[in-house]
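K.L.:
Sharing a structure here in structure tokens format.
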Amino acid sequence: MYGNNTPANRRKIRIFARRVYPTTIRTYMFCRRQPFVQIWHLTYIQRTRPDFMLGFLLYLTVSGMKYFLLFFCMAVFVSCSNKSNHLGQPFTVTAEQTIKVTDALLPANYDRQIRLEGECYRVCQSEGCWLIVTDGKEKLRVTMKDNDFAAPMDLGAKRIILEGKVSEILSSEEDSRSYAENAGKSEAETNAIVGDQRVPVLVATALEIK
């Protein structure tokens, strides 16, 4: 219709735009206030009018984007809600048998499967391969069995439940001092460590974030 770029055709285009643009906007605003069934009925009746169809397409575009964003946000929310807080193997020790860190450090609880609850004092910020758990009185170093899972690096100060076995390992002086620093020991306490040390460590098979 307006294929040739002539003054007459340009004038026709301006007239067409002045007529179509306001009607398109009015149609869009009208569609926003009406039930969809009525909109569809009017669209069928006015299907030969380009100005009405442009307004209807604008309405569908805006509404479609709105519902797409709503659906996307809901999907992200559901995905985050379904995210498991349990890492590692299933618990085998019942909740009634849960103990504190102080009890886990008793020699009677060494080398047997235990379940303990406490607060994460510190976590490895490189790979999440170790953490320190505390009950407010004592602290215990925790590693993951066979590196089957890694602790989240934002675990600090969160309540956690652990299951595994506590055993004493023979640690070099350098490693023992590093463990002491990680556990919040003072410089004097750290420097007082001389020679190899036997350090209690929980080798965890499961971790759950409360």
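K.L.:
Which of the residues belonging to the stretch 190-210 are acidic (Asp, Glu) and within 38 Å of the chain's Cα centre (by Cα)?
P.N.:
GLU208
K.L.:
When you scan the stretch 152-175, do you find a residue that is in contact with a helix residue (DSSP H, G or I) (Cβ under 6 Å, 6 or more places away or on another chain), under 21 Å from LEU105 (Cα atoms), part of a loop (DSSP other than H, G, I, E, B) and of a type in the set (Val, Ile, Thr), even just one?
P.N.:
Looking for residues that are in contact with a helix residue (DSSP H, G or I) (Cβ under 6 Å, 6 or more places away or on another chain), under 21 Å from LEU105 (Cα atoms), part of a loop (DSSP other than H, G, I, E, B) and of a type in the set (Val, Ile, Thr), one finds none in the stretch 152-175, hence no.
A quick yes/no check of all residues on (1) among the aromatic types (Phe, Trp, Tyr); (2) within 22 Å of the chain's Cα centre (by Cα); (3) in a loop (DSSP other than H, G, I, E, B); (4) surrounded by fewer than 19 Cβ atoms within 10 Å (Cβ to Cβ):
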| position | (1), (2), (3), (4) |
| --- | --- |
| GLU96 | no, no, no, yes |
| LEU116 | no, no, no, no |
| CYS120 | no, yes, no, no |
| SER126 | no, yes, yes, yes |
| GLY136 | no, no, yes, yes |
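K.L.:
Also, quick follow-up: If I ask for residues that are surrounded by 12 or more Cβ atoms within 10 Å (Cβ to Cβ), more than 16 Å from LYS100 (Cβ to Cβ) and among the charged types (D, E, K, R), which ones from the stretch 155-186 would you list?
P.N.:
LYS158, LYS165, GLU168, GLU173, ASP175, ARG177, GLU181, LYS185
K.L.:
Follow-up question, since we're still on this one. Could we say that ARG122 is under 18 Å from GLU181 (Cβ atoms) and among the basic types (Lys, Arg) here?
P.N.:
yes
K.L.:
Considering VAL142, VAL194, VAL101, which residue is out of contact with any His (no Cβ under 6 Å at 6 or more places or on another chain), among the β-branched types (Val, Ile, Thr) and farther than 21 Å from HIS86 by Cα?
P.N.:
VAL194
K.L.:
Mind listing whichever residues of the stretch 98-114 are of a type in the set (S, T, N, Q), over 20 Å from GLU181 (Cα atoms) and over 28 Å from the mean Cα position of the chain (by Cα)?
P.N.:
ASN109, GLN113
K.L.:
Considering the stretch 182-207 alone, what residues qualify as being touching a Ser or Thr at 6+ places or on another chain (Cβ under 9 Å) and either closer than 26 Å to ASP146 by Cβ or outside the structural domain of ALA151 (by TED's automatic domain parsing) (or both)?
P.N.:
ALA183, ASP196, GLN197, ARG198, VAL199, PRO200, VAL201, LEU202, VAL203, ALA204, THR205, ALA206
K.L.:
Scan the stretch 108-135 for residues that are small (Gly, Ala, Ser) and touching a Lys or Arg at 6+ places or on another chain (Cβ under 9 Å) and jot them down.
P.N.:
GLY118
K.L.:
Taking the stretch 176-202 only, how many residues are part of a strand (DSSP E or B) and free of Cβ contacts under 8 Å to residues at least 60 places away in the same chain?
P.N.:
Residues flagged as part of a strand (DSSP E or B) and free of Cβ contacts under 8 Å to residues at least 60 places away in the same chain within the stretch 176-202 amount to 3.
The values are calculated or read from the model by the stated rules, or taken from the named source; none is laboratory data. All of these numbers come straight from a predicted model, not from anything done at the bench. Cβ atoms come from the backbone with ideal geometry, glycine included; neighbour counts cover every protein chain shown.
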